[in-house]
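Following: one structure in structure tokens, then a few remarks.
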Amino acid sequence: MAVTRTLFVDESGDFAKSPPWIISGVLFAGKPAAVEKRLAAALQPVLRHYRIGPVANLHLTALRQQRSHSEVIEIAGAVLDAARGCGVLTGMLVVENARGEGLRDSERTYRLMLLDLLALADTMLQEDRDEAPLQIIVARRQRAGTAMSTREDLLADVVERIEDAVEVGLAARGLLSRLEARHVRIWPAAESAGLAVADVIANLTYNRRRPESGALFRSLVEQDRLRMFEGLGGYPERRARVAERDGDLVVALARWALLDCGVDTDSDERRRDALSRLWRRVLASGTTGPMATLEAVLERLWRSHRAPRDHPRLARALAQMEIGLRNADGPPKLLYRLNNLTHQVANQMGDLSTAERVMAAQSLLTAAVAADPSLFHLLLDAQVFRALTEELRLDFTAAERHARDHLRLTEQYGAVWELLEGAPGRVGFGRSRLWLKARMTWVRSLLLVGEPVQLAEAGALLTGIDREGLADADRCRLLGYRVWYAVREGRVADALALAGMLIDRCDDRFASHYAARAAADAALLSTGAPKDVLGHMLRQLCVRAERMAGHPGELLWRDIGVLEHRIAARPGASRDAFDRALRINATLPESPINCWNRLVIEIHAAALCGCAISERRWPAAVLRLQRQACDAPAEGDHLMGYRKASPY
């Protein structure tokens with residue numbers, strides 16, 4: 001049989017004046033009369049010890065005027081301990097409106113906050129097998145002898161609005177079955193022990209900025225004896241608070257991290273405090289729960305922001321997550337996992353400064369992470385991201401070295417794998433995605449270097465990869481690398497043939513980039529490639545480029561500019577394509593790789609459309625590649641020297 005619950009409700013603050021406005025609640029198991037009897041008995045020793053008298057005198061505002069702050073806080077702590085010791089206390093709750101947001105009618109604002117308090121109470125009952133009835137006892141409120149919110153007001157603005165709140169996700173559906181109009185009553189505060197305890201909580205919350213009150217308040221929150229919810233506020237922030245209130249920590253963390261605070265320092269502080277508070281709750285859930293929660297949060301963020309246009313917002317959210325996790329003293333393994341995704345996003349954006357910061361942070365965590373064999377995959381991922389960061393510096397030799405080290409470490413893991421009981425042996429490991437990822441990372445580094453020895457090694461690796469059983473994304477990546485390999489070797493006809501297959505099979509931004517590179521090379525070198533084939537590819541590439549933002553969109557528009565000039569014979573469209581490429585590049589973080597791509601785009605626009613090349617100080621790595629471009633023995637003109645020197 002479901003146990004009836006009783007919620008005693010009081011408030012603090014004048015809702016007709018300036019905030020903060022606070023509504024407090026104490027939730028008990030049992031009907032009101034039974035709860036009152038047990039609670040009154042539990043409070044009697046406290047009332048006697050502190051010479052307070054009857055429960056009607058247990059009003060913290062009056063006690064603050066009669067006694068010292070330290071004694072008042074001592075009384076408050078004793079009252080709350082007695083309430084917990086009565087055996088039927090379920091939880092203590094607070095809804096605060098610290099910013100004064102709400103309706104013009106202050107009493108309707110009060111009633112909306114009361115609806116939030118009921119929703120918060122409902123979250124404490126979600127584990128019940130049956131829907132437990134909920135009875136509400138609200139302290140009578142008067143102004144100049146006139147009742148403020150009557151019972152009819154409460155029924156109209158609270159009980160009858162529960163269904164609307166459920167529909168928009170601001171209250172749990174359980175409230176619909178728990179609460180009935182006949183169970184909402186207004187009592188005089190002086191006659192109720194339950195309302196006296198609710199008054200203590202409201203007053204303590206209202207005065208928590210004072211040192212003594214604040215210490216007790218923080219202690220209650222940290223022990224999860226008191227749950228607080230900030231009512232009203234802007235919709236995005238309110239949704240984050242609702243998810244936190246309902247115990248959906250994954251959604252709450254994601255929503256707080258994504259919250260756009262702009263230049264609002266108060267909002268930024270609330271976000272920082274919320275993320276720290278949430279991570280402390282997560283870290284208290286055991287040894288395996290925190291990593292599972294982090295993985296779920298990162299998956300949610302990545303799934304909704306994996307497009308390049310969304311990467312800046314994702315990067316900001318991850319930075320906020322890291323601040324919250326560090327403030328909560330998160331363990332190294334969680335920080336390492338979070339930093340890996342931050343590093344991945346920074347690499348994809350070309351954000352070298354963030355990538356370098358993450359690498360420095362990861363180096364301090366490596367020893368702790370390496371001590372746990374179950375986290376070995378995180379170390380392997382970090383090696384891959386480091387190799388890609390060297391690419392941002394245009395240090396392709398260093399990228400090759402890190403990729404080779406990563407392959408060797410993966411091979412060593414493969415040797416251990418053979419010793420595991422039930423493992424399918426070395427052949428099975430050779431078909432694993434771990435091994436495929438290591439080889440593909442190495443292939444990429446070899447193609448970046450682009451020297452004959454490296455290209456020969458890359459060709460052997462590409463030939464040796466078994467395409468059977470690969471996922472579609474891996475098949476596309478492999479075919480894209482085969483196009484890139486043919487381009488780097490100067491086999492224009494082969495590259496174009498493979499590019500035609502690639503663009504037909506794979507609707508992926510990097511597949512489009514590789515295909516465009518092969519088509520533009522064919523057009524510039526006048527290899528006799530059929531114009532209808534190149535024209536068809538141009539139309540396909542234009543459609544894909546229109547819906548692409550961020551990298552490699554700038555490279556795609558660069559090569560569309562070549563095709564518009566040489567194949568479609570439309571100089572105006574060619575110039576427009578180069579302009580679009582430069583505009584995309586301007587949105588990317590400043591780094592050697594993005595500077596190099598900008599220079600190459602400007603060289604194209606100058607050679608084909610007569611545009612001027614900007615006067616700027618290029619990074620040393622860019623100048624080094626520029627010298628290679630000018631010295632390269634390339635077939636054709638000066639432009640092809642740059643295309644031969646550039647792996648992009």
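The values are calculated or read from the model by the stated rules, or taken from the named source; none is laboratory data. The structure displayed is predicted, hence computed values, not measured ones. Cβ: placed from backbone, ideal geometry, glycine included. Neighbour counts: every protein chain shown. In case anyone asks, the SASA skips ligands and DNA or RNA and just uses the protein heavy atoms, side chains included. Shrake-Rupley method; radii C 1.70, N 1.55, O 1.52, S 1.80 Å.
Kindly provide the set of residues from the stretch 30-63 that are within 23 Å of Thr205 (Cβ to Cβ) and without any contact (Cβ under 8 Å) to a residue 60 or more places away in the chain, ordered by number.
Within the stretch 30-63, Ala42, Val46, Leu47, Tyr50, Ile52, Asn57, Ala62, Leu63 meet the criteria.
Return the residues of the stretch 516-558 that are acidic (Asp, Glu) and either free of Cβ contacts under 8 Å to residues at least 12 places away in the same chain or under 14 Å from Ile584 (Cα atoms) (or both); say none if nothing qualifies.
Asp532, Glu546, Glu554 - these are the residues of the stretch 516-558 that are acidic (Asp, Glu) and either free of Cβ contacts under 8 Å to residues at least 12 places away in the same chain or under 14 Å from Ile584 (Cα atoms) (or both).
Can you pull out every residue in the stretch 623-634 that is surrounded by 14 or more Cβ atoms within 10 Å (Cβ to Cβ) and closer than 26 Å to Ala519 by Cβ?
Leu625, Gln626, Gln628, Ala629, Ala632, Ala634, listed by residue number.
Does the stretch 276-283 contain any residue that is of a type outside the set (Phe, Trp, Tyr), open to solvent by 10 Å² or more (accessible area, probe 1.4 Å) and more than 23 Å from Met92 (Cβ to Cβ)?
So far as the stretch 276-283 goes, no, none of its residues is of a type outside the set (Phe, Trp, Tyr), open to solvent by 10 Å² or more (accessible area, probe 1.4 Å) and more than 23 Å from Met92 (Cβ to Cβ).
Given (1) under 35 Å from the mean Cα position of the chain (by Cα); (2) farther than 21 Å from Tyr514 by Cβ, identify the lone condition not met by Arg575.
(1)
Does the stretch 105-126 include one or more residues that are open to solvent by 40 Å² or more (accessible area, probe 1.4 Å), at pLDDT 65 or above and part of a helix (DSSP H, G or I)?
Yes, the stretch 105-126 has at least one match.
Taking the stretch 48-60, which residues are assigned to a helix (DSSP H, G or I) and either at pLDDT 95 or above or open to solvent by 20 Å² or more (accessible area, probe 1.4 Å) (or both)?
Arg48, His49, Val55, Ala56, Asn57 - these are the residues of the stretch 48-60 that are assigned to a helix (DSSP H, G or I) and either at pLDDT 95 or above or open to solvent by 20 Å² or more (accessible area, probe 1.4 Å) (or both).
Can you find, within the stretch 543-565, the residue that is modelled with the highest pLDDT among those that are of a type outside the set (Val, Ile, Thr) and surrounded by fewer than 18 Cβ atoms within 10 Å (Cβ to Cβ)?
For the stretch 543-565, the residue satisfying everything is Glu546.
Only one of (1) out of contact with any His (no Cβ under 6 Å at 6 or more places or on another chain); (2) open to solvent by less than 60 Å² (accessible area, probe 1.4 Å) is not met by Ser574, so which one is it?
All conditions pass for Ser574, except number (1).
So Ile567 fits all but one of (1) under 26 Å from His536 (Cβ atoms); (2) out of contact with any Leu (no Cβ under 8 Å at 6 or more places or on another chain); (3) of a type outside the set (Gly, Ala, Ser); what number is the exception?
Tallying (1) under 26 Å from His536 (Cβ atoms); (2) out of contact with any Leu (no Cβ under 8 Å at 6 or more places or on another chain); (3) of a type outside the set (Gly, Ala, Ser), Ile567 fails exactly one: (2).
Considering the stretch 588-606 alone, what residues qualify as being buried (at least 17 other Cβ atoms within 10 Å of the Cβ) and closer than 18 Å to His565 by Cβ?
Scanning the stretch 588-606 gives Val600, Ile601, Glu602, Ile603, His604, Ala605.
Results for (1) part of a helix (DSSP H, G or I); (2) crowded, with 21+ Cβ neighbours inside 10 Å, shown as yes or no for each residue.
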| residue | (1), (2) |
| --- | --- |
| Val26 | no, yes |
| Val35 | yes, yes |
| Leu39 | yes, yes |
| Ala62 | yes, no |
| Gln65 | yes, no |
| Val72 | yes, yes |
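Do you know which residues across the stretch 201-237 are open to solvent by less than 20 Å² (accessible area, probe 1.4 Å), of a type outside the set (Ser, Thr, Tyr) and in contact with a strand residue (DSSP E or B) (Cβ under 6 Å, 6 or more places away or on another chain)?
Passing the criteria: Ile201, Ala202, Asn203, Leu220, Leu226, Phe229, Gly231.
Only residues in the stretch 607-622 that are open to solvent by 40 Å² or more (accessible area, probe 1.4 Å) count as the first member; pair them with residues that are acidic (Asp, Glu), Cβ under 6 angstrom, at least 6 apart or cross-chain, and list the lot.
Short answer, once both residue conditions are applied: Ile613/Glu602.
Conditions first: (1) under 20 Å from Met92 (Cα atoms); (2) at pLDDT below 90; (3) assigned to a helix (DSSP H, G or I); (4) open to solvent by less than 50 Å² (accessible area, probe 1.4 Å). Ala240 passes all but one, so which condition is the exception?
Exception for Ala240: condition (1).
Look at the stretch 316-325 and say how many of its residues are touching a Ser or Thr at 6+ places or on another chain (Cβ under 9 Å) and not β-branched (Val, Ile, Thr).
6
Please name all residue pairs, on different chains or six or more residues apart, with Cβ atoms under 7 Å, provided the first residue is in the stretch 185-197 and is closer than 10 Å to Glu36 by Cβ and at pLDDT 85 or above and the second residue is open to solvent by 40 Å² or more (accessible area, probe 1.4 Å) and not hydrophobic (A, V, I, L, M, F, W, C).
Taking only residues 6 or more apart or on different chains, the pairs are Trp187/Arg140.
Restricted to the stretch 478-492, and to residues that are at pLDDT 95 or above and of a type in the set (Gly, Ala, Ser), which residue is nearest to the chain's Cα centre (by Cα)?
Gly480
Do we have Arg281 as over 20 Å from Gln344 (Cα atoms) and within 15 Å of the chain's Cα centre (by Cα) here?
Taking the combined requirement at face value, the residue does not satisfy it.
Which residues, taken from the stretch 81-95, are open to solvent by 10 Å² or more (accessible area, probe 1.4 Å) and part of a strand (DSSP E or B)?
Leu89, Thr90
I'm trying to understand the selection: among the residues of the stretch 238-264, which are closer than 18 Å to Ala296 by Cα and touching a Phe, Trp or Tyr at 6+ places or on another chain (Cβ under 6 Å)?
Ala240
Under 8 Å between Cβ atoms, at least 6 apart or on separate chains: pull out the pairs that start in the stretch 282-294 with a residue that is under 12 Å from Pro331 (Cβ atoms) and end on any residue that is small (Gly, Ala, Ser) and in a helix (DSSP H, G or I).
Listed pairs, sorted by first residue: Val282/Gly289.
Among the listed residues Ala360, Ala355, Ala315, identify the single one that is surrounded by fewer than 19 Cβ atoms within 10 Å (Cβ to Cβ) and among the small types (Gly, Ala, Ser).
None of the other options fit; the residue is Ala360.
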